Amino acid sequence: MKLTIAVSPWRVTRFLIVVVLCLLILSVVGQFTLYFLPDFPGRDGIVEEFNIDAEGNFPSMYSALTLLLCSILLAIIAQAKKVEGNRYAFHWKLLAFIFLYLCLDEGLSLHEHVITPLRKLGFSGFLYHAWVVPAALILPIIGLLFLRFLFSLPSKTRRLFIIACCLFIGGAMGMEVIGGNHADLYGEDNLNYEIIVTIEEFLEMLGIIVFLHSLLSYMNRFQIRDFGIRVQVNTNKAASRLGSKEQSL
């Protein structure tokens, strides 16, 4: 049995950009409805379902699914590199686990659990969202660990990885510290804070899209437009091993 999946990186990218823009517009419209229009039945529930800063709603589910997709693609590449005997197969696998954690964090808000204990140490102002402190300590270590791996990538893939990283971290941490300072001074229940958070989430989502595009393009490097994943199942174990080596990415 053979399973062939053909995917166009640019089509996926365009589709995801449209989805993100729709989520962004719905969130912004919801916030303006909340702050400037009279209350009406069901308003708060509808606004919350599309609030780009809320958890357990449509934007949050979208972000978790795209992070999970990144993890799956990274795992596929890692397996292919392992079959090739590539020295950086471990790095691809580690990236797959990192994005799986990010997916779980998006769905379960794991990083929020460290904020209250750290605030007891006196973090405030730009460090009001105190999870950025341990994150800022861990990021340079991860950067050093992946430095050689990064320069082993094709130049186009490397550039896209760097752009995606800058967008995602710029949103997740850069805008987070700005939003934290604003929240510490003026609270979170105001339109200015919602604007800051909207920019933050948009940068994160855009970073994930760029990263997904880089992965799909990398997997597509041996073909003109589409990449195919051929999964061949054989009753003979030896034939199955041979078929796995002939998978094309």
Open item on the list: Return the residues of region 114-127 that are within 23 Å of the chain's Cα centre (by Cα) and within 12 Å of G180 (Cα to Cα); say none if nothing qualifies.
Closed with: I115, L127
Open item on the list: Going residue by residue through region 81-93, is there one that turns out to be in contact (Cβ under 8 Å) with a residue 12 or more places away in the chain, more than 20 Å from H213 (Cβ to Cβ), of a type in the set (K, R) and in a helix (DSSP H, G or I)?
Closed with: yes
Task: Test result for I46, part of a helix (DSSP H, G or I), β-branched (V, I, T), over 19 Å from L203 (Cβ atoms) and modelled with pLDDT under 95 - done: yes
- [ ] Select from region 94-126 the residues that are free of Cβ contacts under 8 Å to residues at least 24 places away in the same chain and either part of a loop (DSSP other than H, G, I, E, B) or among the polar types (S, T, N, Q) (or both) and list them in ascending order.
- [x] T116, K120, L121, G122, F123
Task: Candidates I25, I17, I76 - the one that is without any contact (Cβ under 8 Å) to a residue 40 or more places away in the chain, closer than 21 Å to I209 by Cα and outside any loop (DSSP other than H, G, I, E, B) - done: I25
Task: Check on L144, surrounded by 14 or more Cβ atoms within 10 Å (Cβ to Cβ) and without any contact (Cβ under 8 Å) to a residue 24 or more places away in the chain - done: no
- [ ] Please state which one of N192, N181 is over 26 Å from A64 (Cβ atoms), part of a helix (DSSP H, G or I), of a type in the set (S, T, N, Q) and touching a Leu at 6+ places or on another chain (Cβ under 9 Å).
- [x] N181
TODO: Give the residue, chosen from I52, I77, that is of a type outside the set (D, E, K, R), crowded, with 19+ Cβ neighbours inside 10 Å and farther than 23 Å from A6 by Cβ.
DONE: I52
Task: Subset of region 50-73 that is touching a residue at least 60 places away in the same chain (Cβ under 8 Å) and in a helix (DSSP H, G or I) - its residue that is nearest to the chain's Cα centre (by Cα) - done: L67
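Say whether the condition of being touching a His at 6+ places or on another chain (Cβ under 8 Å) and surrounded by 17 or more Cβ atoms within 10 Å (Cβ to Cβ) is met by at least one residue in region 199-221.
In the first step, residues of region 199-221 are kept if they are touching a His at 6+ places or on another chain (Cβ under 8 Å); the result is none.
No, region 199-221 has no match at all.
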Task: Among (1) among the hydroxyl-bearing types (S, T, Y); (2) under 28 Å from N181 (Cβ atoms); (3) buried (at least 18 other Cβ atoms within 10 Å of the Cβ), the one test that T66 misses - done: (2)
Task: Residue under evaluation H129, criteria (1) part of a helix (DSSP H, G or I); (2) at pLDDT below 95, criterion not met - done: (1)
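The values are calculated or read from the model by the stated rules, or taken from the named source; none is laboratory data. This is a predicted model, so every value here is computed, not measured. As a convention, Cβ positions derive from the backbone with ideal geometry for all residues, glycine included, and neighbour counts pool all protein chains shown.
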